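Working notes, structure below.
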Amino acid sequence: MQKHVFIAAIAAILCACVGLERETRTTTNPETRAIMLEIRMVDDAPQQALESALVAGTAAVPDDRELYRGDDFLPPLLLKKQVEISSAHLQDAQLAFSQEYSPAINLRLNAEGQRLFCALTRQNIGKRTAILFLEEGKGKVVAVPFIRAEVCGGDLQITWGHMSLAEVRQIARRLRSGISAGK
């Protein structure tokens with residue numbers, strides 16, 4: 001039941017397709033290249049601090065923060081640089097469907113990931129996390145969920161309302177490749 005609170009709060013994210021073979025990190029095709037996962041905390045600094053950082057650029061951003069300038073789906077954010085959960089903490093990523101029948105990714109955390117995620121959610125109820133996908137060292141924020149409750153199970157689900165089944169399947173496959181590369 002706890003994971004559903006987090007799932008509903010984040011409007012979900014990840015997936016992978018049963019029976020697909022893992023690709024290696026050395027794959028050169030951009031559609032099959034590994035994606036690495038990071039979960040970091042969002043610095044909900046006052047709006048004035050964020051606006052200053054946007055105007056002044058990286059000079060106004062503290063050393064332990066990173067400015068994410070936003071994109072078509074997300075506004076600008078200040079992210080903490082500390083990575084709380086990474087691909088090294090994933091055990092599996094599988095294609096699934098949300099309760100609304102949207103394509104989703106079910107993630108399974110390993111024992112260390114479960115312990116870290118439980119502590120992270122317990123200590124940060126009411127705060128936001130950022131879920132990033134990294135490819136060739138460049139990160140993109142894909143979701144910014146609020147932590148609504150402590151989540152101590154090892155299963156998470158991420159969904160997107162704006163992505164097709166084929167796109168989510170490809171992301172899942174690439175995340176599985178990242179799991180192998182992150183170990």
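What tally of residues in region 59-101 results from selecting those that are under 16 Å from the mean Cα position of the chain (by Cα), of a type in the set (Phe, Trp, Tyr) and open to solvent by 70 Å² or more (accessible area, probe 1.4 Å)?
Going through region 59-101 one residue at a time, the tally reaches 1.
Take region 91-103 and flag every residue that is under 15 Å from Val142 (Cβ atoms) and in contact with a Lys or Arg (Cβ under 8 Å, 6 or more places away or on another chain).
Those that are under 15 Å from Val142 (Cβ atoms) and in contact with a Lys or Arg (Cβ under 8 Å, 6 or more places away or on another chain): Ala93, Pro103.
Take Thr159 and decide whether it is within 15 Å of the chain's Cα centre (by Cα) and either free of Cβ contacts under 8 Å to residues at least 24 places away in the same chain or closer than 17 Å to Gln82 by Cα (or both). Walk me through how you get there before you give the answer.
Values: within 15 Å of the chain's Cα centre (by Cα): yes; either free of Cβ contacts under 8 Å to residues at least 24 places away in the same chain or closer than 17 Å to Gln82 by Cα (or both): no.
Answer is no for this residue.
Mind listing whichever residues of region 91-120 are among the basic types (Lys, Arg) and within 29 Å of Ala166 (Cα to Cα)? It would help to see each step written out before you state the result.
First, the residues of region 91-120 that are among the basic types (Lys, Arg): 108, 115.
Within region 91-120, just Arg108 meets the criteria.
Starting from region 118-129, take each residue that is at negative phi and list its partners that are in a helix (DSSP H, G or I) and at pLDDT 95 or above, counting only C-beta distances under 8 angstrom and pairs at least six apart or across chains.
So the pair list comes out as Thr129/Leu120.
Looking only at region 127-149, which residues are within 16 Å of Met163 (Cα to Cα), of a type outside the set (A, V, I, L, M) and buried (at least 20 other Cβ atoms within 10 Å of the Cβ)?
The one that is within 16 Å of Met163 (Cα to Cα), of a type outside the set (A, V, I, L, M) and buried (at least 20 other Cβ atoms within 10 Å of the Cβ): Phe133.
List pairs: first residue in region 165-183 and under 12 Å from Ala104 (Cα atoms) and open to solvent by less than 40 Å² (accessible area, probe 1.4 Å), second residue part of a helix (DSSP H, G or I) and modelled with pLDDT of 90 or more anywhere in the structure, Cβ distance under 6 angstrom, at least six positions apart or on different chains.
Close Cβ pairs satisfying both conditions: none exist.
The values are calculated or read from the model by the stated rules, or taken from the named source; none is laboratory data. The structure displayed is predicted, hence computed values, not measured ones. Cβ coordinates were reconstructed from backbone atoms using ideal geometry, including for glycine residues, and neighbour counts include every protein chain displayed. SASA here: full protein model, heavy atoms, side chains in, ligands and nucleic acids out. Shrake-Rupley method; radii C 1.70, N 1.55, O 1.52, S 1.80 Å.
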